[in-house]
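Read-outs throughout are calculated quantities, based only on the coordinates presented, and are distinct from any laboratory measurement. Model, not experiment: these values are computed from the prediction. When we count neighbours, we look across all protein chains shown, and the Cβ atoms used for this are built from the backbone with ideal geometry, even at glycine.
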Amino acid sequence: MLYKITAPNRGYNGITAGVLFQAGIGHTEDEKNLNWFCSKGYDVEEMDNQPFVVEGKEIGKVEGEYITITDEETIRETLGDTETEVEPEAPAETSSDETEVEPEAPAKKPRGKKE
């Protein structure tokens, strides 16, 4: 079961009792600290089977840490066609006047005679 925890400080960003909060909102499936959060003034709300809404339209249900989509047509209307194929980029062409130049080998030092 997924729980939404709202901190008393709506601007809180950090980790409390193992739950990451951003802008005062955290989520957890761990039930062991829920009573502690309630006793400290946090709001705890069950999220399972809650509607998932995008731009005012319900498109699915929250189930644990997943969202089950129930209205694919609304998703396509809201987010655009997600099945559009993207053409792969063609390799860059080299012009005919460009020639590859191999790097020069380092110059060898002449061996001197031992004195």
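State whether the range 1-56 is rounded, prolate or oblate according to the following rule on the C-alpha gyration tensor (a ≥ b ≥ c being the square roots of its eigenvalues): a/c under 1.5 gives rounded; otherwise a/b larger than b/c gives prolate, and the remaining case gives oblate. Please report the intermediate quantities before stating the final value.
Details: a/c = 1.94, a/b = 1.29, b/c = 1.50.
Oblate, since a/c reaches 1.5 and b/c is not below a/b.
Add +1 for every Lys or Arg and -1 for every Asp or Glu among the other residues with Cβ under 9 Å from the Cβ of Met1, and state the total. Once all neighbours under 9 Å are counted, the net charge is -4. Taking amide H atoms as placed 1.01 Å from N in the peptide plane, the amide H of Phe52 lies under 5 Å from those of Ile59, Gly60, Lys61, Val62, each 5 or more residues away in sequence or on another chain.
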